[in-house]
1. Kindly provide the set of residues from the stretch 11-39 that are of a type in the set (S, T, Y) and either at pLDDT 95 or above or in contact with a Phe, Trp or Tyr (Cβ under 8 Å, 6 or more places away or on another chain) (or both), ordered by number.
2. Exactly one of (1) touching a residue at least 24 places away in the same chain (Cβ under 8 Å); (2) not in a strand (DSSP E or B); (3) not polar (S, T, N, Q) is unmet by E108. Its number?
3. Condition first: hydroxyl-bearing (S, T, Y) and surrounded by 12 or more Cβ atoms within 10 Å (Cβ to Cβ). Now tell me which residues in the stretch 160-180 satisfy that.
4. Among P98, P132, which is of a type outside the set (D, E), in contact (Cβ under 8 Å) with a residue 60 or more places away in the chain and over 14 Å from I58 (Cβ atoms)?
5. Every residue in the stretch 132-165 that is under 20 Å from the mean Cα position of the chain (by Cα) and of a type in the set (F, W, Y), please.
6. Have a look at S211, S188 and point out the one that is free of Cβ contacts under 8 Å to residues at least 40 places away in the same chain, surrounded by 14 or more Cβ atoms within 10 Å (Cβ to Cβ) and either among the acidic types (D, E) or out of contact with any Ser or Thr (no Cβ under 6 Å at 6 or more places or on another chain) (or both).
7. If a residue must be crowded, with 19+ Cβ neighbours inside 10 Å and basic (K, R), how many such residues does the stretch 117-158 contain?
8. Among (1) in contact with a Lys or Arg (Cβ under 9 Å, 6 or more places away or on another chain); (2) over 23 Å from D258 (Cα atoms), which single condition is N121 missing?
Amino acid sequence: MTRQIFRKYTFFILSIFHFIWGQISDFKIKEYFPLPERISELGLKPTKFNWSIGNRFIFIDEVKNQIMNVNPTGNLSFPSGLSENSVYGEFIWAGIIPEGVGVVDRLENSINYLDVRLNTNSVLDFSQKIYPEMAAVNSSGVIHLFSQTYNSIYTVQGSRFNSSPFIDFTKERLSSNCFIDMSLNDNSDLFLLGCDGIAYVFSLNGKLKTSMPVSINDPKHVIGIGDDWFVFNDHDIALSINANIKYRLPQSSMPIMDVQSKNSLIAILSLNQILILDVK
């Protein structure tokens, strides 16, 4: 009798264990891109990147404050007028925009506009000293800037900086005004990942749509895919917010430096490679 109870209890525990872990899916690895050896030879370590059409990558080494471009053939180039070890300002974001390539400089409180070959075209100095700490761009090319100084989100469209906050967090009832990451999805909804593990979604018009706790430990990165959001931690777990499905990340993507998306694909930057994962 005791043995039968033990067997039933063991079966019950194993069933629960299988059920819990059965909720974790695996991403399909689609492509793999090793970083050019020249990057490590120069002592550079990309910590942020942007992914554009044709598998072109723009990297930022936040420690050495260097912008790098890698074209689809793997050739490495740097912005004109800068040597391979030049440093100025504090770059927080670089990406493709309708004007070419935009580079947000926190300390210089500006955006550098470059052409596709990284030649400088112009510089937009913000009319307010917002000193942005995070940036993201929507599908229309509108750049969203988070300013801890003003506790607000500002926008830049074309070469015009909007001095009126898109979102003023001092007027919102949020559990925290500390944010780890932000991203925009295909609907131009803005997702902000709070330091306390609470996520906030704002509409195209800057209105708070919803908030929710993120059900993975130590969330660090967020990306938008379609109308969904994927949140990642620095371990090996990703979470689909809308579907509430957890995904286990390949060990080859560890440690995660940054995450980007395009269509239904996810690109993960690790120390010496980029791994492309398929959400489907």
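1. Taking the stretch 11-39 and keeping what is of a type in the set (S, T, Y), we get 15, 25, 32.
Result: S25, single match.
2. With (1) touching a residue at least 24 places away in the same chain (Cβ under 8 Å); (2) not in a strand (DSSP E or B); (3) not polar (S, T, N, Q) applied to E108, the lone miss is (1).
3. Listed by number, the residues that qualify are S175, S176.
4. Details: P132 fails: in contact (Cβ under 8 Å) with a residue 60 or more places away in the chain.
The conditions single out P98.
5. Of everything in the stretch 132-165, those that are under 20 Å from the mean Cα position of the chain (by Cα) and of a type in the set (F, W, Y) turn out to be F146, Y154.
6. On the way: S188 fails: free of Cβ contacts under 8 Å to residues at least 40 places away in the same chain.
None of the other options fit; the residue is S211.
7. 0
8. The failed condition is (1).
The values are calculated or read from the model by the stated rules, or taken from the named source; none is laboratory data. All figures in this text were calculated on a predicted structure; none of them were measured in a lab. Note that we place each Cβ from the backbone using ideal geometry, even for glycine, and neighbour counts take in every protein chain shown.
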